[in-house]
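Notes follow once the structure below has been shown.
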Amino acid sequence: MFFCFLYQLKAVNTEGEIYIAKAKIAIVGAGKVGSRLAAALQSLDYQLVGVASRTEPSSALLGRKYGIPWTTKPVEVCKQAEIIFITTPDRSIGDVVKQIAKAQGFKAGQYVYHACGALTTNVLEPAKNCGALTGSFHPLQTFATNETENASLTGTFFALDGDKQAVELGRKLATELGGQWLLVPAQQRAVYHAAACIVSNYLVSLVDCATHLYKQMGISDSNAISALLPLITGTLNNIVQFGTPHALTGPVSRGDVSTVTNHLAALEQCGERELQLYKSVGLYTTTLALEKKSLTASQAKELLEVLQK
Ligand SMILES: NC(=O)c1ccc[n+]([C@@H]2O[C@H](COP(=O)([O-])OP(=O)(O)OC[C@H]3O[C@@H](n4cnc5c(N)ncnc54)[C@H](OP(=O)(O)O)[C@@H]3O)[C@@H](O)[C@H]2O)c1
């Protein structure tokens, strides 16, 4: 089967020893995810054959790191690759794929993935029209820098979709990277990605809101983070141990309406953004506490009233 041939190619070197050559990989988009994938796959002995990016500095940085060709013209690195990861920002994936297809950079049997959580594989249609197998390979993880040290993706889930063979190869890559995989079909990708944004991006916003409030009390950002971190990790531990809604504690969970009313009065003095965030997450939290059965229906009604004022 072609797929097995691609994945691990047995060959004999000049000394007559059998070795296994892994697939040739090109990265298009030398940013946070492209750099991380390059590092993780290279550490698994995949052959990086080239990297392309929008500008020279980012492609050169990654290319020089692995001693591989780097360019600002994606087509140049795609031709010799067996697996291509398009890791540009979401908004550029379509144009980049069209551009590569127009310059005949894709060919039959190649595997072409994007790493976007929300987009379907429709955006890779020009590659498919050239005979490539297309798939989504979205790491359910957050990458804040282009760091390639400590690039392990162990434990990360990858959301897969696409052609059967592309999903199959995606599963093998995810497993080899020490991760796991989820099948997320086209019609579910937007919701899947919205949930990921809530848990990762909105957590950052929640912490930012809390540090702003502490700053108003004269506590520096770094001290605020240090003070809040044990609370954040304690909460995460409770989620792991008890799940939701049982990890929920605090005044909403206890039905302490007077405490919540005090919070709202204090936050009105601090800032509208902070107040609105408290109210909107408080409304969700009230329904969660009802699910936990830790407050009565009348306490919930009172809470919803004060939070909606
Ligand atoms: N960051 C995360 O936490 C994360 C997590 C999961 C999935 N993703 C997905 O991974 C993909 C990449 O995200 P990212 O965070 O790695 O973005 P990023 O750090 O902004 O990197 C994007 C890279 O693409 C390059 N690029 C932009 N336009 C291009 C073009 N027309 N042709 C070639 N290269 C181009 C940029 O080049 P220059 O450096 O030269 O400008 C940059 O190096 C996105 O689909 C995103 O949804 C991101």
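Pairs are defined by a Cβ separation below 6 Å, a sequence spacing of at least 6 or placement on different chains, a first member in segment 94-105 that is in contact (Cβ under 8 Å) with a residue 24 or more places away in the chain, and a second member that is among the β-branched types (Val, Ile, Thr) and assigned to a helix (DSSP H, G or I); the pairs so defined are Gly94/Val123; Ile100/Val75; Ala103/Val75; Gly105/Val75.
Taking segment 35-60 as the range and being under 21 Å from the mean Cα position of the chain (by Cα) and either touching a residue at least 60 places away in the same chain (Cβ under 8 Å) or more than 8 Å from the ligand (Cβ to nearest atom) (or both) as the test, the residues that pass are Ser35, Arg36, Leu37, Ala38, Ala39, Ala40, Leu41, Gln42, Ser43, Leu44, Val51, Ser58. Among the conditions (1) closer than 25 Å to Leu41 by Cβ; (2) open to solvent by 70 Å² or more (accessible area, probe 1.4 Å); (3) outside any helix (DSSP H, G or I); (4) not basic (Lys, Arg), the only one that Leu182 does not satisfy is (2).
The values are calculated or read from the model by the stated rules, or taken from the named source; none is laboratory data. Computed from a predicted structure; not experimentally measured. Every residue, glycine as well, gets a Cβ built from its backbone with ideal geometry; the counts of neighbours run over all protein chains shown. Only protein heavy atoms, including side chains, enter the accessible area calculation; ligands, DNA and RNA are left aside. Shrake-Rupley method; radii C 1.70, N 1.55, O 1.52, S 1.80 Å.
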